[in-house]
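First the structure, in the form of structure tokens, and then the observations on it.
Quick note: the coordinates plus some simple rules give every number you see, no bench work behind them. It should be emphasised that the depicted structure is a prediction, and the values quoted were computed from it without experimental measurement. As a convention, Cβ positions derive from the backbone with ideal geometry for all residues, glycine included, and neighbour counts pool all protein chains shown.
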Amino acid sequence: MVEYAELLEFLRREGTAEVPHSEVGFMAHLIGVHDVLVSWGCSETVCLAGLFHSIYGSEGFSTGAVELRRRPEIRALVGTAAERLAFVNSAMTYASFDTSLREGPPYRVVDRLNDAPIELTEPEFADLSRIQLADWLEQVERFPESWDYRRQAYRAMAERLGGQALAAYDEVFSREPQPDGR
């Protein structure tokens, strides 16, 4: 793994600062997700996975910045476990993640790129939940029409994770605009 400043330089070289994302640049969003995970006290692996969480694109963000053929390069930058989390986050269908969230183990998501199952351990699924929740909390306020998007799933993730993740969910969603303008 390399130093954080080198990772940011890599992301700059890949043009992430110029890619639009949720009314900010893609790089700003990636850093924002990383920073949320750091504030929750997550492991370095999870924080680095958050920094690269949609580097290959995702179901909700098709742009990405790095082609899948470059997975070994990303693995060398952030480590095997962080790259796997970033890859799974990029490749999975959200519906399959939400189903695993509801149904519990064994945890399995569908790789939308290959229409193949990806098996996840309990710790991997918990870490992926952290990344998914941090990703949405970092950007939901920039999408005023999207507060209800996967709302039940995000609430379930927050409750499952508890602690700072649940407190962050409650704090962000307390700022949801109300129909009467309050």
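In the chain, Cα pairs under 8 Å separated by at least six residues give a relative contact order of 18 percent. Percent of C-alpha pairs per 5 Å bin in region 55-144, short distances first: 3, 13, 23, 25, 21, 10, 4, 0.
The rule of thumb for compact globular proteins, 2.2 N^0.38 Å, goes into the C-alpha radius of gyration of region 40-80 1.21 times. Exposed loop sites here mean GluC sites (Glu not before Pro) with a DSSP loop assignment and at most 12 other beta-carbon atoms within 10 Å; the chain contains its longest site-free run at 68-182.
Ranking ALA156, ALA82, ALA95 by how far each Cα lies toward the positive end of the dipole of the chain (charges on Cβ) leaves ALA95 at the top.
With bins 10 Å wide beginning at 0, the percent of Cα pairs of region 1-116 falling in each bin runs 14, 45, 34, 7, 0. Helical content of the chain, expressed as a calculated mean residue ellipticity at 222 nm, amounts to -17000 deg cm²/dmol (DSSP H runs of 4 or more residues, -39,500 (n - 2.57) each, divided by residue number, nearest 500).
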